[in-house]
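**Q** My questions will all concern the structure given below.
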Amino acid sequence: MNRTGGEQPTTVGQRDNDHAGSGARATRSSTIKSVEAREREPLPTRVCELPDLPPEYAATLDAGLAALGAAPAPEARPGIDDHVRLLLAWTEAINLTAIRDPAAVAREHVLDSLSALDLLRSRGIDELLDLGSGGGYPGLPLALALPAHRALLVESVGKKARFLETAVAAVGAQEWVGVATTRAETLAADRRQRERWQAVVARAVAPLADLLELALPLTRIGGVLIAWKRLPLAEELERAGPALAVLGGGRLEVVPTMLAGLEDHVLVVVAKIRATPPGYPRLPAERRRRPL
């Protein structure tokens, strides 16, 4: 207000600031609407509508499979590749992986997953559960490559589980690969699932002690847990010792990956030799309060 009680005149600078503020708000509103529009766009479900993978992807995957000496069944390769194509398409909207380069996906996801193929085959395993499947690794390529008789991809995050359902259908595996949108604690309380699986596989899920508590209740006696880990691992292995004894685990073996670019990756293989006592796995808060 001025001294006479009238309103102060609006200066040119004030008008410019008001105009700039309105413009900024309009720009923000436009950006938000644009983002919301992109989010509402349906994500692809048909692989035939997606771009082909570049030659570098196939070259990386072929070289790695030759080094592994354990190739997937020939009919599995199209499904493995189509899974990658769908993963890259969905990752534009949903953060399924930080790796966007197809050749790097071949190495860091596909080959890393298939590094367990020979271990599974040597044990006659054709049923597996993938705990915390995320973008479908390692469970889906392993299920295709074995080929598995039955597989279950477990993922508690809804949008990731929706991707898994789409990927399983897109590669034609829905009759024998299922998706469960739930937590391991809930799944292990189901008598149909508890100690039912020949193999439980888990990649980048939890520290080994926690992972043993989540996975061994789902693993049948005589089965195995295979955990993807990175070196150095000595401290994590030491902390897992008490949990191994309590939860029915037996011999633990660390198997190097032996792939170029994945030299620090190892597979921790844990045999299940006794039944897991009732009450495990515990809820996360109790595990934090009273670690094994």
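**Q** Using the heavy atoms of the protein chains alone and a 1.4 angstrom probe, what is the accessible area of the chain per residue in square angstrom?
**A** 51
**Q** Take 144, 53 and sort them by solvent-accessible surface of the protein heavy atoms, 1.4 Å probe, largest at the top.
**A** Largest accessible area first, the list is 53, 144.
**Q** For region 76-227, with equal point scatterers placed on the C-alpha atoms only and solvent neglected, what are the log10 I(q)/I(0) values from the Debye formula at q = 0.08, 0.15, 0.16 1/Å, to two decimals?
**A** Relative scattering, expressed as log10 I(q)/I(0), comes to -0.19, -0.70, -0.81.
**Q** Then there is this: Distance from a point 7 Å along Cα→Cβ of residue 239 to each backbone N in region 177-211: keep the residues under 16 Å and list them by number.
**A** Under cut-off, by backbone N: 204-211.
**Q** Sorted from largest down, what three extents in whole angstroms do the Cα atoms of region 146-216 have along their principal axes?
**A** Projected onto its principal axes, the Cα set of region 146-216 covers 35, 26, 22 Å.
**Q** Continuing with this model, one more query. Return the percentage of antiparallel bridges among DSSP beta bridges fully within the chain, rounded to the nearest 5 %.
**A** In the chain, approximately 40 percent of DSSP beta bridges are antiparallel ones.
**Q** Run lengths n ≥ 4 of DSSP H only: what is the helix-derived mean residue ellipticity at 222 nm for the chain, with -39500 (n - 2.57) per run over all residues, to the nearest 500?
**A** Helix contribution divided over all residues of the chain: -12500 deg cm²/dmol.
**Q** Compute the acute angle (0 to 90°) between the alpha-carbon long axis of helix 234-246 and the principal axis of greatest extent of the alpha-carbon atoms of the chain; round to the nearest 10°.
**A** That helix lies at roughly 60 degrees to the long axis.
**Q** Of the accessible area of the chain, with the probe set at 1.4 angstrom, what percent is carbon plus sulfur?
**A** In the chain, the share of accessible area belonging to carbon and sulfur is 52 percent.
**Q** As a test of reading the structure, rank 238, 49, 213 by solvent-accessible area (1.4 Å probe, protein chains only), most first.
**A** My answer, sorted largest first, is 238, 49, 213.
**Q** Further, regarding this structure: With the Cα gyration tensor of region 63-149 in hand, give its eigenvalues times 5 under a square root as the equivalent ellipsoid semi-axes, listed largest first in whole angstrom.
**A** So the equivalent ellipsoid measures 22, 14, 11 Å along its semi-axes.
**Q** Within the chain, what is the number of lysine pairs with alpha carbons under 27 Å apart, leaving out pairs fewer than eight places apart on the same chain?
**A** Value for the chain: 5.
**Q** In addition: What ranking of 219, 181 comes out by heavy-atom accessible area, probe 1.4 Å, highest first?
**A** Descending order: 181, 219.
**Q** Taking 0.36 nm per residue of sequence separation and subtracting the Cα-Cα distance, how much length would be gained by fully extending the chain between residue 118 and residue 73, in nm to one decimal?
**A** Length gained, residue 118 through residue 73: 15.0 nm.
**Q** What's the angle, to the nearest 10 degrees (0 to 90), between helix 77-91's Cα axis and the longest principal axis of the chain?
**A** Roughly 30 degrees, rounded to the nearest 10.
**Q** Determine, from the Cβ-Cβ distance of residue 263 and residue 288 and an R0 of 45 Å, the FRET efficiency 1/(1 + (r/R0)^6), rounded to the nearest 0.05.
**A** FRET efficiency, residue 263 to residue 288: 0.85.
**Q** Where in region 66-107 is the amide nitrogen less than 11 Å from a point lying 7 Å along the Cα-to-Cβ axis of residue 41?
**A** From region 66-107, the list is 92-93.
**Q** Okay, moving on. Taking region 68-143, which GluC sites (Glu not before Pro) meet the DSSP loop condition and have no more than 16 other C-beta atoms within 10 Å?
**A** Those that pass, being in a loop and sparsely packed, are 92.
The values are calculated or read from the model by the stated rules, or taken from the named source; none is laboratory data. Computed from a predicted model, the values in this text were never measured in an experiment. Note: ideal-geometry Cβ built from the backbone for every residue, glycine included; neighbour counts use all protein chains shown. Areas reflect the complete protein model, heavy atoms only, side chains present, ligands, DNA and RNA absent. Shrake-Rupley method; radii C 1.70, N 1.55, O 1.52, S 1.80 Å.
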